[in-house]
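Right, one structure below, let's go through it.
The values are calculated or read from the model by the stated rules, or taken from the named source; none is laboratory data. Treat the numbers as computed from the prediction; the structure is a model and nothing was measured. Virtual Cβ from ideal backbone geometry, glycine too; neighbours counted across all protein chains shown. For accessibility, only protein heavy atoms count, side chains too; no ligands or nucleic acids. Shrake-Rupley method; radii C 1.70, N 1.55, O 1.52, S 1.80 Å.
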Amino acid sequence: MKNAETCARASGISTSSFELRHSFVIRKFVIRHSAVLLLLSPFSAHAESPRPTLPPEQRTNGRQTLAAVMQLKPLTLECAARIESVLGRPICTATIVGAEGYLLTKASEVPDLGKATVRLADGRTAPLREVHRDVRLDLVLAQAVGLTGLQAVSFGAAKPLALGQWLCSTADVGKEPRIGIVSAQRRRIPGTGAALGIRMDEKTPKEVKGVRIIGIASESPAEIAGLQENDVLLNIAGVAVAQYRRVHELVNKRQPGEVIEVRYLRKDKEETCRVRLASRTKVLQNWEGEDFANGGISLRSDNFPEVLQHDIPLYPADMGGPVATLEGKVVGINIARVDRVTTFALPVEAFWPEVQKWMQADSHPPKAVLVK
C-alpha cells in the first residue's frame, strides 16, 4: 500500500483520491466475479438447469431400443433354448438347428450332456442325447429326446458382413434380445493351451515326490475343484508328476473344458479331485482381476479356426445362442465371451456344412452288417 501511495504522490494524485479510486476498482472486481460465481454455482437459485440427459432405459438395450428388433423374436428367441443342470441352474444356451430336436451348444460348457436337460422358450423340457462332439470347433450336436416339430433357425451368409453392421442375439440364457455391431474382421484365434490356475514350487518337496502348490488363482479350475495352497500334486490324468514342468506339459496339451483327475497329498493324506480345465487366457485375466469386472469369461476363449467378433453385451451362459442380422438370418453361434466388450461367434460357414453331415448320419445310421 505504501508503494502505491508513493507512486500516487509521485504522479501528483492525493492519497484520498487514490484510496477512493482503489476502493471503486475492488468493488467492481468483486461484483463482476461474484456474478460469475453465482452463475457457476449449482446451489444458486439463478443457476442454469443441467442439460437434459437420456433416461437409463434409452441408454442401453432398453425397451425402446429393442422395439426395432422385436419382430426378430420368432427368428432368434424362439429358436434358442436353455441348457440346465439337474438342479435347474442355467449352464449355457443352445441353438435349435433341426425340427427333430437337434440343437447346437458350446461343448466345453457341457462335458457330460447326460446330466443336463434342455428348456425350450415355451417352457417344455427334455433330456439330451449327445450326437456328435467336435473339439476343434468347441461345438456339440445334441438332440432333445422326445421333442419334435421344433422351429429351427434360418441360416444366412456371414461372409458379406462388414465392420459396424448391426447384429442381434439372445441374452439372459435365451430370454431376451440384445443388439450390437460387428467389431472386428473375421480371423483365426490361436490357442494358448489349458491351465489349472496354480503357481508351483520349482523345487521337489523333500518329504514326498511331487509338486507343491504355492498359489491359486481366484475362481480358477483348481480353486473350484477344491485344491489349496501347500497341496502336493502326485498324479495328473493318470501320470505321476515329480517336476512342475511335467504338470505344465500334461495340462497344456489338453483342451479347455476337458475334465482331468488329479491326485494330491494334503497333510499326509492322499486325496483325489476332478478338475475342469480353462483357457490359459482366462486364467491369466482372472489372476489380474479382469474377469471380475465383466461378468465372467468363457472357460474356452481361444483356439478357434475362424471367428466373427461382435460387441453385443452377453455373459458366458449366453454362449451357444444364435447371432442374426436385422433381416432375421442367423449368421453364427456365440462361442466365447472374451472380455467385457468382446464376444466371439463361429460364422455359419465354419460349422454348418459339417453339422449337416452329423445330422444326416444320425438320422440315417448305417445298416448293421451281418458278420459271418
Note on the range 132-161: residues open to solvent by less than 50 Å² (accessible area, probe 1.4 Å) and among the aliphatic types (A, V, I, L, M) are Leu137, Leu139, Val140, Leu141, Ala142, Ala144, Leu147, Leu150, Ala152, Val153, Ala158, Leu161
Could you tell me whether the range 170-183 includes any residue that is of a type in the set (D, E, K, R), assigned to a loop (DSSP other than H, G, I, E, B), under 19 Å from the mean Cα position of the chain (by Cα) and at pLDDT 90 or above?
no
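Got a sec? Which of Gly146, Gly156, Gly164 is within 23 Å of Pro365 (Cα to Cα) and of a type in the set (Gly, Ala, Ser)?
Details: Gly156 fails: within 23 Å of Pro365 (Cα to Cα); Gly164 fails: within 23 Å of Pro365 (Cα to Cα).
Within the list Gly146, Gly156, Gly164, the selection yields Gly146.
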Could you tell me whether the range 109-123 includes any residue that is open to solvent by less than 40 Å² (accessible area, probe 1.4 Å) and touching a residue at least 40 places away in the same chain (Cβ under 8 Å)?
yes
Subset of the range 109-118, residues at pLDDT below 95 and either of a type in the set (Phe, Trp, Tyr) or not in a loop (DSSP other than H, G, I, E, B) (or both), comes to Glu109, Leu113, Gly114, Lys115
For the range 303-347, give me the residue count where each residue is assigned to a loop (DSSP other than H, G, I, E, B), in contact with a Gly (Cβ under 6 Å, 6 or more places away or on another chain) and open to solvent by 10 Å² or more (accessible area, probe 1.4 Å).
4
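Having 1 or more residues that are among the hydroxyl-bearing types (Ser, Thr, Tyr) and either touching a Ser or Thr at 6+ places or on another chain (Cβ under 7 Å) or surrounded by 14 or more Cβ atoms within 10 Å (Cβ to Cβ) (or both) is the bar; report the strands (runs of 3 or more DSSP E) wholly within the range 201-271 that clear it.
259-266
Identify all residues within the range 81-95 that are touching a strand residue (DSSP E or B) at 6+ places or on another chain (Cβ under 9 Å) and surrounded by fewer than 24 Cβ atoms within 10 Å (Cβ to Cβ); write none if there are none.
Step one: list which residues in the range 81-95 are touching a strand residue (DSSP E or B) at 6+ places or on another chain (Cβ under 9 Å), which gives 81-86, 88, 90-95.
Result: Glu84, Ser85, Val86, Gly88, Pro90, Ile91.
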Restricting the range 162-200 to residues that are closer than 21 Å to Ala317 by Cβ, touching a Phe, Trp or Tyr at 6+ places or on another chain (Cβ under 9 Å) and not β-branched (Val, Ile, Thr), the residue that is most open to solvent (accessible area, probe 1.4 Å):
Asp172
So, in the range 227-261, how many residues would count as being under 21 Å from Lys209 (Cα atoms) and in contact (Cβ under 8 Å) with a residue 40 or more places away in the chain?
4
